[in-house]
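**Student:** My structure is below; once you've seen it, I'll send some questions.
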Amino acid sequence: MSMYTVPKVVNQMRHVEGAPWGTRGGTAVVHTFPADGEYTFRLAFYYDYLETLFGQSLPPNLQDQQIEVSVDGARVALFTIDPNVPETKNLLTTPKIAVTAGPHRVAAAFLAKFDGPTEDAFRQVEQSMIDISAGIPGLVALPHLLSMTVAGPHVVQGMSDTPSRRRVFLCRPAAGADEMPCAQRIVTALARRAYRRAPTAADTEMLMGYYKEGRQGGDFESGIRLALQAIIANPKFVFRFERPAPAAARTAATYRITDVELATRLSYFLWSSAPDDRLQRLAAAGTLSQPATLEREVRRMVADPRSRALADSFAFQWLRLQSVKEADPDGGLYGNFTRNLGQSMTEETTLLFDLLVREDRGLLELLTADYTYVDELLAKHYGMPGVAGRTFRKVPVTDPNRRGVLGQASVLTLTSLATRTSPVMRGKYVMEVLMGVAPPAPPPNVPPLMENVENEQALSVRERLAKHRSNAACSACHSMMDPIGLALENFDAIGNWRATDAGTRVDPSGQLFDGTPLDGPGSLRAALLSRQDSFVLTFTENLLSYGLGRLLDARDMPTVRAIVRDAAKTDYRLSSFLMGVVTSVPFQRRQVEAPASSVSAEPGARAPRPAPPGGRQ
């Protein structure tokens, strides 16, 4: 039994990707059915604390709300929701549905009943369940799905051919004499993928022993199943072991890793996944480490869609985009923020970085790009016309304040508080993440920034910061961070452009600690570009740390500087940084003093995630 829950923060007013057209809200998932058989689907809905279903106070044209369950786009059940049935009884369960084994797209979604002005009225509020449960005046909620549960199989009818089974069963024995050769072929192929190298004779012998044990108590598939269980439980799959220093190298400081180990390091760096068959063949032949071959493979892997992992994993960690998911802007102040919008914000930034990688663009475009990626939801947030649908597309950025990551809502939201902007967080983010400069730790017992209170004169964030800096203990740190953050103060807590704060015109002016004047996002961007050496060096440190799967130390800094020097010759194209990491001494060699039993990490593991922005003021 598997339950798929729709969080409160997810807006259910719009079509959900993967659900049939003509529906809104709900959920759509790819569920893997373990066998051919009969399954049931159960739906639960959101209620308030009085067990009242959201959606009772609807206009006549929106009553009789219906929800359908579909499998691979075909409707298998349709329900009309009774708003008068209490929560404990309004659990809708389908009849038993026959489904074949393997992955299928399953959706539970409401039939869209919007039309004309009613649709526009509902989309203006774009509410999520958090808005509704907070009791924001004027909201009329439509029914929202809480969860979909897939139960079964209640009756097993067989086992269909599935993509995963086809990858496992490379052959089928036609007669009893064929079983052992076929089993050994399957087990060897599985072990090669799992262990990221060709299995040794001892590996194969052990695994075939498990096959024989499973075969004795069942059929051919039972033997393969037990051998596969042994493979995925083996430490050689769970961890990325590298050989200890050979005897001939124990008097040196470092020694070169094998081509097989290089293939694994390379694939987890660029793909966050195990090496494919081509990499393994080149590694087994001992030719992967040849400079021409290695460069050709890096370019092939970057061109592969799997290189999106560099954006989804590396850029996501480096730019601290995980904090967007944790953001919870106040619904009364920022009513159009939903989890859907937060996801679109994050996707915009990762797509920008992915483009730099795939098209081998210059790193500085991360700050200067006069283009971006938006879907309809994010385009409306930015006030960009002519974008419809959930598909992201590349669009020009005509507002110079929006260029690069400093103008993107993801960075602006993750550096804000629930009720207001935080110039301190934004300044600290720019210093730490983009420039690699950590501001001093705040002294103990520092009073928090004064918040506005009801029935008293509201002060802008800038005015409150000025009072805060009057404390001598606070002044030194804030003189570095505040001007940077205040340059972005025209962006509110979710990245909308604004002219006033608390009735006062926003003043983004200030100066850096060296006297450089600032008057908005454009001047801050120019200041960073005039100090591009720090930005490039910080990026390189993070990229090398990610590629090595560990934190750097002083011994790594000559490598970092060498990568930067070589990248400068190509105007900092991303390929120069990637090749610089892959061909570096730390990436291709190991230190002799490392313990023989040490492991790199579990597959896909990386260096510890950077600490989130601190000093919330």
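The values are calculated or read from the model by the stated rules, or taken from the named source; none is laboratory data. All of these numbers come straight from a predicted model, not from anything done at the bench. Cβ placement follows ideal geometry from the backbone for every residue including glycine, while neighbour counts extend to all protein chains displayed. All accessible areas refer to the heavy atoms of the entire protein, side chains included, with ligands and DNA or RNA removed. Shrake-Rupley method; radii C 1.70, N 1.55, O 1.52, S 1.80 Å.
**Student:** Using a 1.4 angstrom probe on the protein heavy atoms only, could you order Thr538, Thr32 from most to least accessible area?
**Tutor:** Numbers: Thr538 10, Thr32 90 Å².
Accessible-area ranking of Thr538, Thr32, largest first: Thr32, Thr538.
**Student:** Compute the signed sum of charges (Lys and Arg +1, Asp and Glu -1) over the other residues within less than 13 Å, Cβ to Cβ, of Ala151.
**Tutor:** Working: positive: Arg42, Lys96; negative: Glu38.
Local net charge: +1.
**Student:** Quick one: how many Å² of Thr94 are accessible to a 1.4 Å probe, rounded to 10?
**Tutor:** Counting only protein heavy atoms, the figure is 10 Å².
**Student:** Of Ser70, Ser160, Ser530, which has the most accessible area with a 1.4 Å probe, and how do the rest follow in descending order? Walk me through the numbers on the way to the answer.
**Tutor:** Working: Ser70 0, Ser160 30, Ser530 85 Å².
Result, largest first: Ser530, Ser160, Ser70.
**Student:** Dipole magnitude of region 176-272 about its Cα centre, charges +1 at Lys/Arg Cβ and -1 at Asp/Glu Cβ only, in debye to the nearest 20? Don't skip to the end; give the middle numbers.
**Tutor:** On the way: 14 positive and 10 negative charges, 104 e Å.
The dipole magnitude comes to about 500 debye.
**Student:** Applying the Karplus parametrisation 6.51 cos²θ - 1.76 cosθ + 1.60 with θ = phi - 60° to the phi angles of region 159-169, what ³J(HN,Hα) value in whole Hz is obtained for each residue in order, glycine and proline being reported as x?
**Tutor:** Karplus values, whole Hz, x for Gly and Pro: 9, 6, 6, 10, x, 5, 5, 5, 6, 7, 8.
**Student:** Cβ under 12 Å from Phe169's Cβ, Phe169 left aside: what net charge do those residues give with Lys, Arg +1 and Asp, Glu -1? Present the calculation step by step, with values, prior to reporting the outcome.
**Tutor:** On the way: positive: Arg165, Arg166, Arg167, Arg172, Arg185, Arg225; negative: Asp161, Glu221.
In short, +4.
**Student:** Given axes a ≥ b ≥ c from the Cα gyration tensor, I'd like to know whether region 547-594 is rounded (a/c under 1.5), prolate (a/b larger than b/c) or oblate. The partial results should precede the final answer.
**Tutor:** Details: a/c = 2.55, a/b = 2.02, b/c = 1.26.
The shape class here is prolate.
**Student:** Follow-up. Using the heavy atoms of the protein chains alone and a 1.4 angstrom probe, what is the accessible area of region 193-329 per residue in square angstrom?
**Tutor:** On the way: 6420 Å² over 137 residues.
Counting only protein heavy atoms, the per-residue value for region 193-329 is 47 Å².
**Student:** Then there's this: Long-range amide H contacts for Leu92: which residues qualify at under 5 Å (H placed 1.01 Å from N, peptide plane, sequence gap of 5 or more or a different chain)?
**Tutor:** Placed amide hydrogens put Leu43 under 5 Å from Leu92.
**Student:** By how many nm would the segment from Leu333 to Phe79 grow when fully extended, if each residue of separation counts as 0.36 nm and the alpha-carbon distance is taken off?
**Tutor:** Working: separation 254, 0.36 × 254 = 91.44 nm, distance 3.64 nm.
That pair, Leu333 and Phe79, stretches by 87.8 nm at full extension.
**Student:** Mind scanning Lys96/Lys380; Lys113/Lys380; Lys212/Lys236; Lys236/Lys394; Lys8/Lys96; Lys380/Lys428 and naming the pairs with a C-alpha gap bigger than 31 Å?
**Tutor:** Values: Lys96/Lys380 42 Å; Lys113/Lys380 22 Å; Lys212/Lys236 21 Å; Lys236/Lys394 42 Å; Lys8/Lys96 29 Å; Lys380/Lys428 29 Å.
Checking Cα-Cα distances, Lys96/Lys380; Lys236/Lys394 exceed 31 Å.
**Student:** Go through Leu412, Leu282 and list them by solvent-accessible area, largest first, probe radius 1.4 Å. Present the calculation step by step, with values, prior to reporting the outcome.
**Tutor:** Values: Leu412 0, Leu282 35 Å².
In descending accessible area the options line up as Leu282, Leu412.
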